[in-house]
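Here the structure comes first, spelled out in structure tokens, and everything after it is commentary.
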């Protein structure tokens, strides 16, 4: 089953996911959607790790995935916390509205 | 006993600290008595050290007392050390001895002054600094004292600082002295780089052994000469001394006649081996500066009407004689004249102070006259001082001036001629002063009845003084003021005993005492004149000197007492050859413009460069901050582009993969 789908396909899928995530991050203004896009990019990276770990038969790639997941979870915790407090104060704010520190 | 040399500066320092802490409580006159006692205690210490040195063999008469290591920086070692040798102890003896007498006089003179204790505070600090100056074992300790006396001089000239002219005179003295101090500092740097030490013993030793190159020695000697012209009020830096007469008269006597102003001559004597190994023109320069200053100041003194100004220019002139002696290698003569001059000039300044006191703060000699009937002691002692400075035998000035003229003639005839002309002028202007003050008709009586107030010399306290002129009568000063006068008159009369020449059958035992005493210090630099014409014909020189003195006195007598000849006092003399005015003009016009240029250069070029950097940074930053839009998505995009570019660089250019 695994052999039927080659590593190249996984990598193409990962590249497509990453491109979608990056595009979404650049064009959407809703902070929550932007978050989801970041998650998409992180998981695209995870997919390349796993695919290559399997192909090279190297456990290190899978180990790295766990690190990325933990970091992503931590990031979500902090990021969502900030988002909630911002939106509570300014309901409906977009990412472009949050530009107080501009030069 | 010689180890206790540190006591000499310690007593005045203790007096300074005590008056600093308790001066206000001690008040008038206890603070003055305390200060006087301290200076006399210092004098007693100096006498004890003197006898101790006297009991040693001649070549061992040198004790160094190190208190502590002052500046230990690598190879640069400076100790706070005192050098007790014949030269420094001679200086200490007359500084503290005459200083003590002047303190005593000042107790009477300053009585009733609002800042009485502060006056003695400064005076004791001055004596401390002066003893530090002369006792210093290295140039830095001497420089400490040098600056100390300069500061005290400033504080005391401007003692009555509410008077505009006094404050200005103080500043003038301070600034002029700084020009000289610059020379001393450079000399110190040079001495350190040349011999690696500031100690006199090392410096003089290297000169005596020939290690010190003639060029370096000349540079050190000339730089110290700049310092000496500042401190000892010689051309071209003499300007501050006549103005320094704004200070209280005891200050003029102590600092600006007897002690501080001889500091420059002392310093040059201290380094006499360095001068000896300099190029020949260096001592010649010193001698000519001295001789020209002596004549220059004497001509100015001819036409002064302020009793203290005459004495001030006379001081400049007499120190010119000392410089002349130093330049011609007559160090003993220089120190000898320094000591006798300290006695008779202090005497005359205090006498002038007594006159000013008795005349209710009047300083203009045109408003005096016939005072000998009212102030017999002041007049009598002043006349002794006059005979001493005029060079009438057997008073002290005759012996010391004669010795200087001997060395001058042995060196060069033009110097001798300048010296003799100065001697005639000295006798002339001092006689003029004595006649104007103590003889002739009493010009103050007419003033007293004159409703029109006489013009006030310095614009001070016009109302009180001149209202008092109505029932005005000069009076003799109290004993605390005339006792120092009598003692100093005694010294001025017999001071010549210090260093009698072998003339007139004076036996060996009592001649050239000072020379034998100072010999260990000055033998390297002292000129040998025994083979010159002047040395073999001393009697001729004595005759010429006496003739010069008597002709000056006689001429002045004819002009001012007998009034046979009309007085000739050209305004060029009265205005000091317009030297002061010329300097003021130069500093006011081209000098100020020059300084303005420097200021502009600083404001526009130097500050401009600094400010320009700031402006450029601000402008760049103002532009650069526009890049910070605050749009998170834009930042993310830039990061993305950056990553792509980096990757492209690694892959395409570096060829990884």
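The values are calculated or read from the model by the stated rules, or taken from the named source; none is laboratory data. Note that the structure is a prediction, hence the values are computed from the model and not measured. Don't worry about glycine lacking a Cβ; one is built from the backbone with ideal geometry, like all the others, and counts go over all protein chains shown.
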Counting only residues that are surrounded by fewer than 18 Cβ atoms within 10 Å (Cβ to Cβ) and in contact with a helix residue (DSSP H, G or I) (Cβ under 6 Å, 6 or more places away or on another chain), which one in segment A:53-62 is farthest from the other protein chains (Cβ to nearest Cβ)?
A:62
Give, as residue ranges, the helices (runs of 4 or more DSSP H) completely inside segment B:219-280 that count at least 3 residues that are more than 17 Å from residue B:330 (Cβ to Cβ).
B:240-243, B:249-253
Residue among B:300, B:289 that is buried (at least 24 other Cβ atoms within 10 Å of the Cβ) and at negative phi
B:300
Restricting the search to segment B:642-657, which residues are surrounded by fewer than 10 Cβ atoms within 10 Å (Cβ to Cβ) and either part of a helix (DSSP H, G or I) or touching a residue at least 40 places away in the same chain (Cβ under 8 Å) (or both)?
B:653
Name the residue, out of B:13, B:18, B:7, that is farther than 18 Å from residue B:133 by Cβ and in a helix (DSSP H, G or I).
B:18
Yes or no: residue B:632 within 14 Å of another protein chain (Cβ to nearest Cβ), on the phi < 0 side of the Ramachandran plot and in contact with a helix residue (DSSP H, G or I) (Cβ under 7 Å, 6 or more places away or on another chain)?
yes
Note on segment B:106-122: residues part of a helix (DSSP H, G or I) and in contact with a helix residue (DSSP H, G or I) (Cβ under 6 Å, 6 or more places away or on another chain) are B:106, B:107, B:108, B:109, B:116, B:117, B:120, B:121, B:122
Can you say whether residue A:47 is exposed (fewer than 14 other Cβ atoms within 10 Å of the Cβ) and more than 14 Å from every other protein chain (Cβ to nearest Cβ), as far as the supplied structure shows?
no
Residues satisfying the stated conditions in segment B:524-568, i.e. under 27 Å from the mean Cα position of the chain (by Cα) and exposed (fewer than 15 other Cβ atoms within 10 Å of the Cβ):
none
Do we have any residue at all in segment B:150-164 that's within 14 Å of residue B:270 (Cβ to Cβ), in a helix (DSSP H, G or I) and within 17 Å of the chain's Cα centre (by Cα)?
no
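Rundown of residues vs (1) at pLDDT 90 or above; (2) part of a helix (DSSP H, G or I), yes/no style:
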residue	(1), (2)
B:336	yes, yes
B:341	yes, yes
B:346	yes, yes
B:356	no, yes
B:360	no, no
B:369	no, no
B:377	no, yes
B:387	yes, yes
Sole residue being within 14 Å of another protein chain (Cβ to nearest Cβ) and surrounded by 12 or more Cβ atoms within 10 Å (Cβ to Cβ), chosen from B:608, B:627, B:637, B:594:
B:637
Enumerate the pairs (first residue in segment B:192-218 and at negative phi; second residue anywhere and part of a loop (DSSP other than H, G, I, E, B) and surrounded by fewer than 16 Cβ atoms within 10 Å (Cβ to Cβ)) with beta-carbon separation below 6 Å, excluding pairs fewer than 6 apart on the same chain, so at least 6 apart or on different chains.
B:214/B:279; B:218/B:279
Hits in segment B:64-94 - residues which are within 19 Å of residue B:54 (Cα to Cα) and outside any strand (DSSP E or B)
B:85, B:86, B:87, B:88, B:89, B:90, B:91, B:92, B:93, B:94
Taking into account only those residues within segment A:76-92 that are within 14 Å of another protein chain (Cβ to nearest Cβ) and under 16 Å from residue A:25 (Cα atoms), which is nearest to the chain's Cα centre (by Cα)?
A:79
For segment A:12-38, give me the residue count where each residue is away from every other protein chain (no Cβ under 14 Å) and touching a helix residue (DSSP H, G or I) at 6+ places or on another chain (Cβ under 7 Å).
3
For residue A:73, only one of the following conditions fails: (1) more than 14 Å from chain B (Cβ to nearest Cβ); (2) surrounded by 12 or more Cβ atoms within 10 Å (Cβ to Cβ); (3) within 13 Å of the chain's Cα centre (by Cα). What is its number?
(2)
Is there any pair with a first residue in segment B:22-33 that is on the phi > 0 side of the Ramachandran plot and touching a residue at least 12 places away in the same chain (Cβ under 8 Å) and a second that is surrounded by 15 or more Cβ atoms within 10 Å (Cβ to Cβ) and assigned to a helix (DSSP H, G or I) whose Cβ atoms are under 9 Å apart and which are 6 or more apart or on different chains, and what are they?
B:27/B:116; B:27/B:117
